[in-house]
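Reviewing the structure listed below.
The values are calculated or read from the model by the stated rules, or taken from the named source; none is laboratory data. Treat the numbers as computed from the prediction; the structure is a model and nothing was measured. Note: ideal-geometry Cβ built from the backbone for every residue, glycine included; neighbour counts use all protein chains shown. Protein only, heavy atoms only, side chains kept; ligands, DNA and RNA dropped before computing areas. Shrake-Rupley method; radii C 1.70, N 1.55, O 1.52, S 1.80 Å.
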Amino acid sequence: MSEVSQAVTRVAEASEFVLGEEVETFEQEFAAYCGSGHCVGVSSGTDALSLALRALGIGLGDEVVVPAASFVATAEAVCHVGATPVFVDIDPGSFLIDLAGVRQALRQRSRVRAVIPVHLYGRMTPMRELLDLTNEFGVRVVEDAAQAHGAVLGGLKAGTFADIGCFSFYPTKNLGAWGDAGAVVTHDPGLAARVRTLRNHGQEGYQVHQELGFSHRMDAMQAAVLRAKLRRLEDWNARRILWAQRYRTVLDDCGMGYQCPGPKGSHVYHMMAIRVPDRKGLRQKMLNYGVETGMHYPVPLHRQPSLQRLGIAAKSLPVSEKVCAEVVTLPLYPLMEDPEFLRIEEALRSLHVQG
Ligand SMILES: *Cc1c(COP(=O)(O)O)cnc(C)c1O
């Protein structure tokens, strides 16, 4: 990765380590890539979400609708601004937030100020349908696009449909830094300015702090790495999609009764997540072939110890419960090579033979 190393050296030589020109240039390039008016680089995806909520004026006493099956950060950010997450079940066909459930929550709960759709595993939430709903009820939308860099739906990229979109550049994401980083994108210059102020101690003008803000800035080193890697993102996403297609062919062949949400719109396969009845058995048999699998995510948000205090009854979210108990993630990364895939394929086919 010599381009990335060169970028890192460039930052060391410039000795401008936090914000500055490198970050500004990345912001312009990522905004242009997404087709959004503005991008603001921040310290992580979680900070992107909480700054977005703050910029929208969401806080104490407000409620925010989130899917019950996601990475914990989606709900954590809501709690960090003092608001309360309202968990909505997922759709069994897509593993994404169930729109009928969103409608019901918006109808029943007057304190809901925003919805956070999560484009889980790289598959887009049906944004047009969601926006019809949120517009009807007058609530804001913050896209959690932390797993969907570059995904497209109806000609628009993930993160650009609604008020504000949030990205994580954690190293394992489709676009990953060499450390922690995140960003928001928005068409609204006012919101972008708010996030800019908040990420840097509420500073507006030399040593003048208009309000209490945060130390949530992006490092120049991360911006430089991201600029180099952004040029490869389309190619890497295309490879992810190809590997996912090969997985499907093998899995269909095996006839093991798996379920994996199809592309529909665009799916950039941050992860190859499938649902199988006997997860434990599959993982053990794969491991016998030296193939490690993952679980994303085995515990639905309402069951996380850190969120227990919300007191949500498990039986109110049956689909999330079931999917979280059955979901397995198979190895998938853009630079995967044939020999590795063939080994995984062999392991998968052995499952079929053994029944
Ligand atoms: C990774 C991730 C985040 C948080 O990103 P960090 O950079 O780790 O803070 C938020 N939401 C989802 C869906 C994620 O996958």
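What tally of residues in the range 267-292 results from selecting those that are in a loop (DSSP other than H, G, I, E, B) and open to solvent by 20 Å² or more (accessible area, probe 1.4 Å)?
Result for the range 267-292: 6.
Given the condition in contact with a Ser or Thr (Cβ under 8 Å, 6 or more places away or on another chain), surrounded by 15 or more Cβ atoms within 10 Å (Cβ to Cβ) and closer than 18 Å to Phe167 by Cα, answer yes or no: does some residue in the range 12-35 qualify?
Yes, that holds for at least one residue.
Table: residues versus (1) more than 20 Å from His38 (Cα to Cα); (2) within 16 Å of the chain's Cα centre (by Cα); (3) within 16 Å of the ligand (Cβ to nearest atom); (4) open to solvent by 10 Å² or more (accessible area, probe 1.4 Å).
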{"residue": "Glu143", "(1), (2), (3), (4)": "no, yes, yes, no"}
{"residue": "Ala148", "(1), (2), (3), (4)": "no, yes, yes, no"}
{"residue": "Gly155", "(1), (2), (3), (4)": "no, no, no, yes"}
{"residue": "Ile164", "(1), (2), (3), (4)": "no, yes, yes, no"}
{"residue": "Val185", "(1), (2), (3), (4)": "no, yes, yes, no"}
{"residue": "Ala192", "(1), (2), (3), (4)": "no, no, no, no"}
{"residue": "Tyr206", "(1), (2), (3), (4)": "yes, no, no, yes"}
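Could you please give the count of residues in the range 300-352 that are surrounded by fewer than 16 Cβ atoms within 10 Å (Cβ to Cβ) and in a loop (DSSP other than H, G, I, E, B)?
The number of residues fulfilling the criteria is 6.
From the list Leu226, Leu131, Leu198, pick out the single residue that is touching a residue at least 24 places away in the same chain (Cβ under 8 Å), assigned to a helix (DSSP H, G or I), over 23 Å from Pro334 (Cα atoms) and open to solvent by less than 10 Å² (accessible area, probe 1.4 Å).
Going through Leu226, Leu131, Leu198 in turn, just one is touching a residue at least 24 places away in the same chain (Cβ under 8 Å), assigned to a helix (DSSP H, G or I), over 23 Å from Pro334 (Cα atoms) and open to solvent by less than 10 Å² (accessible area, probe 1.4 Å): Leu198.
State whether the residues of the range 68-80 include one that is over 17 Å from the mean Cα position of the chain (by Cα) and within 14 Å of Leu301 (Cα to Cα).
yes
Taking the residues in the range 67-104 that are part of a helix (DSSP H, G or I) and within 13 Å of the ligand (Cβ to nearest atom) as candidates, determine which candidate is surrounded by the most Cβ atoms within 10 Å (Cβ to Cβ). Reasoning before the result, please.
Taking the range 67-104 as the starting set, the residues that turn out to be part of a helix (DSSP H, G or I) are 73-80, 99-104.
Cutting the leftovers down to within 13 Å of the ligand (Cβ to nearest atom) gives us 73-78, 80.
Numbers: Ala73: 23, Thr74: 25, Ala75: 26, Glu76: 17, Ala77: 28, Val78: 26, His80: 17.
That would be Ala77.
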